[in-house]
Amino acid sequence: MNTTQYAWGETETAGIPHVEVKLTTDEYEELIQQTMEKMKEYSDDETCRFYSKLLGKLLILANQ
C-alpha cells in the first residue's frame with residue numbers, strides 16, 4: 001500500500017476524508033496576519049472582497 005507524504009508531514013490524514021485538521025493559535029494568527037497584508041496590497045474590488053471574506057472566516061474559526 002502506498003502512502004502519501006504531504007509537505008507538512010501529516011501522513012495519517014492522507015486519503016481519510018473524515019479527519020479534521022486542527023490549527024494552533026499561532027497558525028491562525030499567522031494566516032490572519034498574512035491575509036491582512038494581502039488586503040493592504042489593493043488590486044481590485046473583487047480581490048479585496050475575497051480577502052475580506054477570507055479574513056472573516058479565519059476570525060470565526062479562530063474563535064470557535
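At a glance:
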| quantity | calculated |
| --- | --- |
| When residues of segment 32-43 are limited to those that are exposed (fewer than 10 other Cβ atoms within 10 Å of the Cβ) and part of a loop (DSSP other than H, G, I, E, B), the one modelled with the highest pLDDT | GLU41 |
| Residues (within 13 Å of the chain's Cα centre (by Cα) and touching a residue at least 12 places away in the same chain (Cβ under 8 Å)) located in segment 37-64 | TYR51, LEU54, LEU55, LEU58, LEU59, LEU61, ALA62 |
| Hits in segment 18-38 (condition: within 13 Å of LEU59 (Cβ to Cβ) and among the aliphatic types (A, V, I, L, M)) | LEU23, LEU31, ILE32, MET36 |
| Restricting segment 13-31 to residues that are surrounded by 10 or more Cβ atoms within 10 Å (Cβ to Cβ) and at pLDDT below 90, the residue that is nearest to the chain's Cα centre (by Cα) | LEU23 |
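The values are calculated or read from the model by the stated rules, or taken from the named source; none is laboratory data. Model, not experiment: these values are computed from the prediction. With ideal geometry, Cβ positions are generated from the backbone for all residues, glycine too; neighbour counts draw on all protein chains shown.
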